[in-house]
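Inspection log for the structure reproduced underneath, given as structure tokens.
What follows draws every value from the coordinates through simple rules; no lab data is involved. Keep in mind that what you see is a predicted model, and the values were worked out from it rather than measured. In this analysis, Cβ positions are derived from the backbone assuming ideal geometry, glycine residues included, and neighbour counts consider all displayed protein chains.
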Amino acid sequence: MKIKLYLVILIISLLFAACGQEEEKSVTTAPPTKQVEKPKPPKEYSFQLSNSENQALTITVKDNFYTFSKIKQPIVLVNFFATWCPPCRGMIPHLNNLQSQYQNQLFILGVLLHDDVTLERLHTCATSHKINYFIASEQSLNQKFSDFLSPKLRLPKEFELPLMVMFVNGKYYTHYEGVIPEEMIESDIKQALTKIEGL
């Protein structure tokens, strides 16, 4: 009888000892922690545009923020155009008006694309239309910026002209495909200025 009692006590104590060891194992053998990967810094893109007088303007893009060098105005309207395009030529007087009216708040950047015009003919065109805004005339450089921007606007690389893209304080604001009434662009400029003043 005593032997049976000792056996029962021994078996029970072994069971408790085994359970205690299992608990210790589960505490001491935690899975290794994964190393957290550091986020990659956003890639930076740079585009240098120049006009027929070799004045350069650099556009830097980082994390969807656009920095236009040497431009102090908070609103930048990029106008992709060609001299052979009647709707593009039709927009020039309206862009001239907007540039004159909002010269302290608006910078219009004309970007020439898909045009075999010589610099001499471009100068004649700019003079005859009294263009009062910057015209980026180096088309190989202009095309690089266009190729970068078009997929961001969900447009094909060979988009129709004219195309105008408005940036406010370095961020994309809106874009216009084709001929747009001057009043509509002006309305957007006024709304953007109201937001800027409200900051």
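Exposure proxy shown here: for ILE71, ILE108, the number of other Cβ atoms within 10 Å sets the order, fewest to most, as ILE71, ILE108.
Arrange the peptides 123-130, 139-146 so that the one whose residues have, on average, the most other Cβ atoms within 10 Å appears first.
Values: 123-130: 13.5, 139-146: 16.8.
Going by the mean number of other Cβ atoms within 10 Å, highest first, we get 139-146, 123-130.
As a proxy for reagent exposure, VAL179, VAL111, VAL61 were ordered by neighbouring Cβ count within 10 angstrom, fewest first; the result is VAL179, VAL61, VAL111. Would you please name the chymotrypsin sites (Phe, Trp or Tyr not before Pro) within region 54-126 that are DSSP coil residues with at most 16 other C-beta atoms within 10 Å of their C-beta? Of the chymotrypsin sites (Phe, Trp or Tyr not before Pro), the ones in loops of region 54-126 whose Cβ has at most 16 other Cβ atoms within 10 Å are TRP84. Taking only the Cα atoms of region 46-198, the ratio Rg/Rh comes out at 0.92, with Rh defined as the Kirkwood radius.
In the structure shown, the pairs LYS43/LYS130; LYS70/LYS152; LYS144/LYS190; LYS38/LYS171; LYS70/LYS144 are assessed against 28 Å; a Cα-Cα span above that value is assigned to LYS43/LYS130; LYS144/LYS190.
Residue exposure proxy: ASP63, ASP115, ordered by other Cβ atoms within 10 angstrom of their Cβ from fewest to most, comes out as ASP63, ASP115.
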